[in-house]
Amino acid sequence: MKDNDDTTLLAARVREAYEQAAPVEIIGGGTRRALGRAPMGAPLSVAGHTGIVAYDPSEFVVTVRAGTPIAALEEILAREGQVLTVDVPRFGASSTIGGAVAVGLTGPGRPYTGALRDAVLGARLVSGTGEVVRFGGQVLKNVAGFDVSRLMVGAYGTLGLLLDVSLRTARRPEAQAVVRLDQDWPTARAALRRWESALPLTGASYAGGVLHVRLAGLAARVAQARAVVGGEVGDSGVFTDLRDLRGTFFERPGDLWRLMVPPESPWDPEDTVIDWAGAQRFWRVRGDATAVYELAARLRGQAMRLFGADRSMGPWAAPPPAAMALMTRVKAALDPRGILNRGRLYPDW
Amino acid sequence: MNQTVESSHHPWPAAFVRRLRRILPADGLLQKATEVAAYECDGLPVYRARPRAVALPRTAAEVGQVLALCTEYEVPVVARGAGTGLSGGALPHPEGIVLSLARLNRILALDPDNRTARVEPGVRNLAVSEAARPHGLFYAPDPSSQIACTIGGNVAENAGGVHCLKYGLTTHNILALKFFDPDGTLHDIGGPTGEWPLDLAALLTGSEGLLGVVVEITVRLWPKPPSTVAYLASFRSLEAAAASVSEVVASGLVPAGLELMDGLALSAAQDYTGIPYPEGSAAVVLAEVDGDDLAVALEGERLSAIFTAQGAFTVTQAVSDEDRRRLWLGRKSAFPAVGRLAPDYYCMDGTIPRRSLVPVLTEIAALSRRYELPVANVFHAGDGNLHPLILYDAAIEGQLERVEALGADILRLCLAHGGTISGEHGVGVEKLDGMCAQFTAAELATFHALKSAFDPHHLLNPGKAVPTPARCVEAGGMHVHGGHPPFPHLERF
């Protein structure tokens, strides 16, 4: 991977777009373009903006340019025996860290190792007026100024063009194991609750009558946990497939939804995969979204559409009008002419 | 520096006061000087202002109505919890009302199965953990003022505590918020996993009351770890103690807490508590590990080994609750203990990368000698959050100015090492100048634009947290005068 700083070029391109009020579509590795509403505007590639800005392994923080492929970043961390603290999905070899942050999804480690936004300590970005601004930093505790870097996570690039992000890292686990157990969901959920404070869990998913549990940490703890959990050796690919939305379930036809629900929620719809120890349910639905929103509401949860045929529908339903108006004002504060990834999250902004 | 702002007393329209009174309960509006005096300052009493009135609503609906009315009459509103903040964030506006959320103190729901609690903003931090305890759960952020401070205030300041190294800050432990915007519209954001189309909760948390008034918070609860062990490692030099912290961090261990006290702080704490530290200790590191028995044993072993390798001449271990309490007592009483060493002290709050602990502490010692002012260090070493305490006597002419100059130098030092001017006490009114050193004009303009997006008429806590572009000199810290720190009964970290 090349070490290349395109800050000046990218800022100039956004400035130009601002002056002409001409929307741009921010593209990294191009692997997430099917997420969100259909992109519009002239393509603006961040893929050439790559490399490590700062990395001190003893500090467990890395600052990386947004166009850096996730795999390349992981390779650099691996040389120091480190990993990102969170599970970051990638949809191809060219998937970039900037794209991951912009989309904001977190893999199966979420309930145990945190959300992607929890790992972001700071970010530098180009605002919608073409100015280069930095928020947050490289330290763990920082309450100076509003937390704009965290706001960028999951905003689909509609609030700023990410230049670089500072992320927390951790020591690579000494040992890892995946275990499978055949049991019903209520039994599985009860076991997960029992284990959560006592065992080094880093993943728990359930599908087709099988609970998969991932354990990682000090070798002695993993060995002890395996004895407590029982079951059989499972396929570790289960968790990378879940992270990257890959495999037979995700390749089936129909719209793909994720529901975020209280983990104890009962569950009966078919064609689903339960992740995040119960807090995330992937659901394949054909046609109308009404049933999804109704179920989410009944469970006091939320629904997000990941992939589907109708690209006019975004990941999120519109919130109540007053909240939408507030979000629109937040958008305008950072991107006054609505040029950044216009229409990607909601129509017209 | 020591200033009380007097109102210029343009009278409010009679209709405003009449309607305000109608919204609030009979005893819910304070206007007499004797009644509002208690609200003149927060935990940073050097800044004082008399509010025109204090509103004490009982319900979220009343909060919304008060806000709508204040917007109609363009009256500034300063929301307030327990008033324990350390940066003047709850300093009243001389033309405005203080909106106390102390009476919204109900725990609305506790859901042990789903590990959540839904609470009103006036609920005390510790009350959440107390309510969760019978279910084997706790609320992780534990600022030192936790017996008094409220969850609403914690959200406003993004409060931390001793355990945030492992369990995160307030922002990492919030799942959903309900808040009013200034015109009295209620917003409901977040969900079971804390997600929302735009992460507005990230902006509100730590926004110091500038963006909205939070009236309901859903927090994450954690299962109580089965086992906890505390360690006290004694060193013959401050450098060795600081280096051991950097080494623990570099090893990849994440203790539940990792604190450092220097020699001056130790002798003060020892005199204060009567509990001696090992003879010859120039500095100590306090650490806590928690988890299941095996995890605690394995991590504790590695921790002790690092301390010993880094030159600790004794490493004491405390397992029982009482032993751990005694081990932590000196640390928890260090601020009042140091406060007895001089008529006044000034508490700084900056964060640096952990690798910079040794050089920064060495430079602080050099600055202390140059300014001829003693500095004690007692702080959250594991997350690089410094709290240098500058000892002085405000009665000596010119000394306060020297203290402020030294404080500004220390904050510049934090920034020079890639750190920040505030790790956990907030900006409030106190660090407005430091904000200019940390952020560019374009970044400050972004903050102002976001403020306007939430609060177009700038009625919510105006003048705090984000300086106007015109204002740019550097300063910072918490002042304690006459040996009476604010809330002297509270433990201070």
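Counting only other chains, and only Cβ atoms inside 10 Å, what mean value do you get across the residues of B:199-210?
Rounded to a whole number, the mean comes out at 5.
Run the simple label-point estimate for B:Asp293 and B:Ala33 please: 7 Å along Cα→C-beta, distance reported in nm.
Going by the 7 Å Cα→Cβ label model, 6.7 nm.
What is the distance in Å between the Cα centroid of segment A:144-194 and that of segment A:68-118?
For segment A:144-194 versus segment A:68-118, the Cα centre distance is 9 Å.
Expected output is a single nm value to one decimal: the length gained when fully extending between A:Ala22 and A:Ser312, i.e. 0.36 nm times separation in residues minus the C-alpha distance. What is it?
Extra length from A:Ala22 to A:Ser312 when fully extended: 102.3 nm.
Which whole-number percent is the relative contact order of segment B:227-335 (Cα, under 8 Å, 6+ apart)?
On the way: 177 pairs, mean separation 51.2, N = 109.
It comes to 47 percent, rounded to a whole number.
For the peptides A:91-104, B:456-469, A:8-21, B:312-325, what is the packing order when you average, over each peptide's residues, the other Cβ atoms within 10 Å and list the highest mean first?
Packing proxy ranking, top to bottom: A:91-104, B:456-469, A:8-21, B:312-325.
Using the per-residue mean of other Cβ atoms lying within 10 Å as a proxy for protection, in what order, highest first, do the peptides B:298-311, B:97-110 fall? Present the calculation step by step, with values, prior to reporting the outcome.
Working: B:298-311: 17.8, B:97-110: 19.7.
Ranking, from highest mean packing down: B:97-110, B:298-311.
Return the calculated 222 nm mean residue ellipticity for chain A, to the nearest 500 deg cm²/dmol, obtained by summing -39500 (n - 2.57) across DSSP H runs with n ≥ 4 and dividing by the residue count.
Dividing the helical sum by the residues of chain A leaves -8000 deg cm²/dmol.
Residues of segment A:89-109 with the amide nitrogen closer than 15 Å to a label point 7 Å from the Cα of A:Ser45, along Cα-to-Cβ, please.
A:94-96
I'd like the FRET efficiency for B:Glu74 and A:Arg329, computed as 1/(1 + (r/R0)^6) with the beta carbon distance as r and R0 of 22 Å, rounded to 0.05.
So, using R0 = 22 Å, E works out to roughly 0.70.
For a quick check: with amide H placed at 1.01 Å from N, whose amide H comes under 5 Å from B:Val215's, ignoring anything fewer than 5 positions away on the same chain?
B:Lys178, B:Phe179, B:Phe180
Between helix B:357-371 and chain B, what is the angle of the helix's C-alpha long axis to the longest principal axis, kept within 0 to 90° and rounded to the nearest 10?
Rounded to the nearest ten degrees, it is 80.
Quick check on the exposure proxy: order A:Phe307, B:Phe16, B:Phe439, B:Phe179 from fewest to most C-beta atoms within 10 angstrom.
Exposure proxy ranking, most exposed first: A:Phe307, B:Phe16, B:Phe439, B:Phe179.
What number, in percent, do you get for the relative contact order of chain B if the mean sequence gap of Cα pairs under 8 Å and at least 6 apart is divided by its residue count?
16
Just want to confirm a number: the relative contact order over segment B:337-480, from Cα pairs under 8 angstrom separated by 6+ residues, in percent.
30
With 10 angstrom as the radius, rank B:Ser246, A:Ser45 by how many other C-beta atoms surround their C-beta, starting from the fewest. Working shown, then result.
Numbers: B:Ser246 20, A:Ser45 16.
In increasing order of surrounding Cβ atoms, one gets A:Ser45, B:Ser246.
Quick one: order A:Asp184, B:Asp409 by neighbouring beta-carbon count within 10 Å, fewest to most. Mind showing how you got there, number by number?
Working: A:Asp184 10, B:Asp409 15.
The fewest-first ordering by Cβ neighbours comes to A:Asp184, B:Asp409.
Taking 20 Å as the cut-off for C-alpha to C-alpha distance, list the pairs among B:Lys332/B:Lys464; B:Lys166/B:Lys431; B:Lys178/B:Lys451; A:Lys141/B:Lys224 that go past it.
B:Lys332/B:Lys464; B:Lys166/B:Lys431; A:Lys141/B:Lys224
Calculate the mean, over all residues of peptide A:147-155, of how many other protein chain Cβ atoms lie within 10 angstrom of the residue's Cβ. Kindly include the intermediate steps, with their values, before the conclusion.
Values: counts 10, 6, 1, 8, 7, 3, 4, 6, 3.
Per residue, the number of nearby Cβ atoms from other chains is 5 on average.
Let me confirm one metric for peptide B:460-470, namely the mean number of other chain beta-carbon atoms within 10 Å of its residues' beta-carbons.
Shielding by partners across B:460-470 averages 1.
Test of understanding: what is the full-extension gain from A:Asp288 to A:Asp235, defined as 0.36 nm times their sequence separation minus their Cα-Cα distance?
15.6 nm
Could you check the spin-label model distance between B:Thr308 and B:His448? Points 7 Å from the Cα along Cα→Cβ, value in nm.
5.9
In degrees from 0 to 90, rounded to the nearest 10, what is the angle of the helix B:441-454 Cα long axis to the longest principal axis of chain B?
Tilt of helix B:441-454: around 50 degrees.
Rounded to the nearest 0.05, what FRET efficiency do A:Thr8 and A:Ala54 have when you use their Cβ-Cβ distance and R0 = 25 Å? Intermediate values should be presented prior to the final figure.
On the way: r = 19 Å, r/R0 = 0.76.
The pair A:Thr8/A:Ala54 has a calculated efficiency of 0.85.
Pick from A:Leu218, A:Leu163, A:Leu192: which residue has the top mean-square fluctuation in a GNM of chain A where Cα pairs under 10 Å get a spring?
A:Leu218
Throughout, read-outs are computed from the coordinates displayed, never taken from laboratory work. Just so it is clear, the structure is predicted and the values come from calculations on it, not from any experiment. Don't worry about glycine lacking a Cβ; one is built from the backbone with ideal geometry, like all the others, and counts go over all protein chains shown.
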